[in-house]
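Read the figures in this text as sums done on the coordinates, not as results from a lab. Note that the structure is predicted; figures quoted are calculated from it, not measured. Don't worry about glycine lacking a Cβ; one is built from the backbone with ideal geometry, like all the others, and counts go over all protein chains shown.
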Amino acid sequence: MTATTAKYVRVLWELKAPVEDLETAVQIYRESPELQRVLTDPSVYKEEKHAVVDRIFPGKKLQNFMKILCDYSDVEYLNEIVEEYKMYANEHQSIVNATLRYVTAPADNQLEGIKKFLMEEFDAHQVELEMIRDERLVGGFVLAANGREWDWSISGRIRGMQEQLGMIQNQAEL
């Protein structure tokens, strides 16, 4: 996280900024190249940028935040700021962000077991699980959270066996 991003993340946390509002801002900004041009153009006066922000973005808090980004020429960091803020907020609210790659979607009771495992593993109160179908796994699943990975896929097991066979072969050659 850059120093610029970290500064805004801390301010947003102190203001208890709703993630949904910030995601709305990112979506509005991302979908309008003209808006991006106006808000990042140094030749556009601050008052003009503020007027555009007031017309386009909902809510006073969000408008004020966007104006500050404009005033300090940091609007181009909006997406990075929001992504880092989401991770920061989740971390401070004991929420684990995880990704589950699978071939066959797990049953509800399996999902609950996975979430329970993650809550215990990371001492969290909640799990936000992104589900991704991945045929390359052949079968099973791969679970990733907080820089750790649990690979229970068939392709992962085959890869593990190949590595073991390679080590055995190298030892036999010695």
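Using the Cβ-Cβ distance between GLU34 and MET131 with R0 set to 30 Å, the FRET efficiency from 1/(1 + (r/R0)^6) comes to roughly 0.30. Taken as Cα centroids, segment 147-174 and segment 14-40 sit 45 Å apart, rounded to the nearest whole angstrom. Net charge in the neighbourhood of GLN36 (other residues with Cβ under 14 Å of its Cβ; Lys, Arg +1, Asp, Glu -1) is -2. Fully extending the segment from TRP13 to LEU165 would add 49.7 nm, taking 0.36 nm per residue of separation and subtracting the current Cα-Cα distance.
Packing here is the average count of other Cβ atoms within 10 Å per residue, and on that basis the peptides 74-85, 159-170, 53-64, highest first, run 74-85, 53-64, 159-170.
Mean residue ellipticity at 222 nm, helices only, the chain: -19000 deg cm²/dmol; runs of at least 4 DSSP H residues each add -39,500 (n - 2.57), and the sum is divided by the number of residues. Counted over the chain, the DSSP beta bridges are approximately 55% antiparallel.
Mean projected area of the Cα convex hull of the chain, taken over all directions, amounts to 15.1 nm².
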